[in-house]
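Input: a single structure, listed below in structure tokens.
Each value in this text was obtained by applying a stated rule to the coordinates, not by laboratory testing. Predicted model, so just to flag it, every value in this text is computed and none were measured. Don't worry about glycine lacking a Cβ; one is built from the backbone with ideal geometry, like all the others, and counts go over all protein chains shown.
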């Protein structure tokens, strides 16, 4: 199974840009990189997905270098409501999706 | 537009009791799974299913059974509850095997289980 490594926690202030980097050295050719967000007492929800280069949606941007061994989730101008756990997933064969511990982002006023 | 529905939302069990957490999805998804999340921790995969009649073990399957008699339902059974099974349980579903544009995992709202 492809494995990801991301920081355990990060702190930020409102209005700042936050970048969370995920390492996935063993990513397979067919794997996509997907990020999920989990608020307290809720299930995770999809925020962004990419294969290479850059992807942007209304919530975040995802930067993937050419070798695809890492990816960076960028959250522009975070607010208190962005306090959550962020999971980086790189899927391997089948549906045995392993989430890992994720990155706890704490946004301060 | 229900998505993934879990019941019950909250449950307190005594050690040794058994119970079933229900999960249903109305999106005709092939893939369903159960995760547990202990306080301050990430999600750990318990069991998963790739279709009706097919189940397999995840990271932490001991103490749990699953079955998949229909596409819609994927119940999780605790055989003999232990305090170590106190956790939040999330059911999830996904449409196809391969991740790709538009194919994501959908989660239920969680079931909070306390074993005393």
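Evaluate the Debye formula for chain A with equal point scatterers sitting on the alpha carbons, no solvent, and hand back log10 of I(q)/I(0) at q = 0.19, 0.21 Å⁻¹, in q order, two decimals.
So the normalised log intensities work out to -0.93, -1.13.
Just to verify a number: FRET efficiency for residue B:60 and residue A:53, C-beta to C-beta distance, R0 = 45 Å, to 0.05?
Details: r = 36 Å, r/R0 = 0.81.
With R0 = 45 Å, the Cβ-Cβ based efficiency is 0.80.
Order of B:90, A:63, A:106, A:99 from fewest to most other C-beta atoms within 10 Å?
The order, fewest Cβ neighbours first, is A:106, A:63, A:99, B:90.
Counting other C-beta atoms within 10 Å, which of B:43, A:62 has the fewest, and how do the rest follow?
A:62, B:43
Find the percent of Cα-Cα distances in the protein assembly as shown that exceed 28 Å, and round it to a whole number.
Across the protein assembly as shown, Cα pairs with separations above 28 Å total 30 percent.
For a footprinting-style exposure proxy, rank A:4, A:72 by other Cβ within 10 Å, fewest first. Before the final figure, lay out the partial values.
Numbers: A:4 22, A:72 15.
So the residues, fewest neighbours to most, are A:72, A:4.
Considering all projection directions equally, how large on average is the shadow of the alpha-carbon convex hull of chain B, in square nanometres?
7.0
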